[in-house]
């Protein structure tokens, strides 16, 4: 891995995974070239596009160094981001999905936020969700100002992957992205949260998230690949948090039981019987009860071969309801410098 460059202003590396959808990818890259922050480099990871993604002309990049790394076999967003991360030279790292974009001051605002909070390992900006090309709504929970990643992450992540700027030291401490197709961002951020490093939120919404772009990796809810990714991500999160003090937190135990049983249900429906059984067994780490949960959950394991897993899936979902009893989602006070309406107004008028 290259050593971070040093200079009067920190070098920011932007990693952009691309799989076909070149028009969207070029629009995302144009938002990178338009950034007011310099120095800046962009690493485009071509995840087996057909034909291969053509790098932009030097004149188009407006002084941004652009490198293209091609993966010959489609590996998904987790593997693509990791391929880019390994090539990054920057002191700070940002990930931009190909269907998203940034306001020109996005990176400048996040760099300034990290300069104000030298103890923070990540800065994030509120995001505006784009629907049908123009409709704009503030992303859910983006009016909250969390000082830490956990526990809020597991109830609904306020920060979008494209909205974050990570210190290189934090990225190295987190380690590699899992090669998953979905939920890879939750698993990545959970490892970051387990480090208990502070995060900081910028005031203005400067990230624009494409919510209805075609061929999104997170679509196809019942696809076996999606079910497997969700299950593997939940197992990895459970293993990581199970070695921390969060295992003693009642609300976290309830939430993890629900997530694992939900993963078991999805895996059962997708015909992934071993993964479903593994997720059910993992609930023991988060349960101190030996009654209804054990009976409800384990009753579905021997039935995984029947009805293509549908019966087991219904049992796991019923067990989730029986054992749930979840505490409300942990929230944080709204930042004093911005509310949801002013944040949306700033972004819309930019």
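Might you let me know whether segment 99-116 holds any residue that is at pLDDT below 95, assigned by TED's automatic domain parsing to the domain that holds residue 35 and in contact with a strand residue (DSSP E or B) (Cβ under 6 Å, 6 or more places away or on another chain)? Checking segment 99-116: at least one residue is at pLDDT below 95, assigned by TED's automatic domain parsing to the domain that holds residue 35 and in contact with a strand residue (DSSP E or B) (Cβ under 6 Å, 6 or more places away or on another chain). Residue 149 satisfies every condition listed in (1) over 27 Å from residue 65 (Cα atoms); (2) buried (at least 21 other Cβ atoms within 10 Å of the Cβ); (3) at pLDDT below 95 except (3). Considering 147, 196, which residue is without any contact (Cβ under 8 Å) to a residue 60 or more places away in the chain and assigned to a loop (DSSP other than H, G, I, E, B)? 196 is the lone residue from the list that is without any contact (Cβ under 8 Å) to a residue 60 or more places away in the chain and assigned to a loop (DSSP other than H, G, I, E, B). Does residue 124 fit the bill of being over 16 Å from the mean Cα position of the chain (by Cα) and more than 18 Å from residue 178 (Cα to Cα)? No, not satisfied. I'd like to check something: does segment 78-88 contain any residue that is out of contact with any helix residue (DSSP H, G or I) (no Cβ under 8 Å at 6 or more places or on another chain) and part of a loop (DSSP other than H, G, I, E, B)? No, segment 78-88 has no match at all. Tell me whether segment 29-51 contains one or more residues that are part of a helix (DSSP H, G or I), out of contact with any helix residue (DSSP H, G or I) (no Cβ under 6 Å at 6 or more places or on another chain) and surrounded by fewer than 16 Cβ atoms within 10 Å (Cβ to Cβ). Yes, segment 29-51 contains at least one residue that is part of a helix (DSSP H, G or I), out of contact with any helix residue (DSSP H, G or I) (no Cβ under 6 Å at 6 or more places or on another chain) and surrounded by fewer than 16 Cβ atoms within 10 Å (Cβ to Cβ). Within the set 167, 136, the sole residue that is surrounded by fewer than 20 Cβ atoms within 10 Å (Cβ to Cβ) and either modelled with pLDDT of 95 or more or over 21 Å from residue 251 (Cβ atoms) (or both) turns out to be 136.
Among the residues of segment 61-78, is any surrounded by fewer than 23 Cβ atoms within 10 Å (Cβ to Cβ) and within 17 Å of the chain's Cα centre (by Cα)? There is at least one residue in segment 61-78 that is surrounded by fewer than 23 Cβ atoms within 10 Å (Cβ to Cβ) and within 17 Å of the chain's Cα centre (by Cα).
The values are calculated or read from the model by the stated rules, or taken from the named source; none is laboratory data. These figures come from a predicted structure and were not determined experimentally. Glycine also receives a Cβ, built like all others from the backbone with ideal geometry; neighbour counts cover every protein chain displayed.
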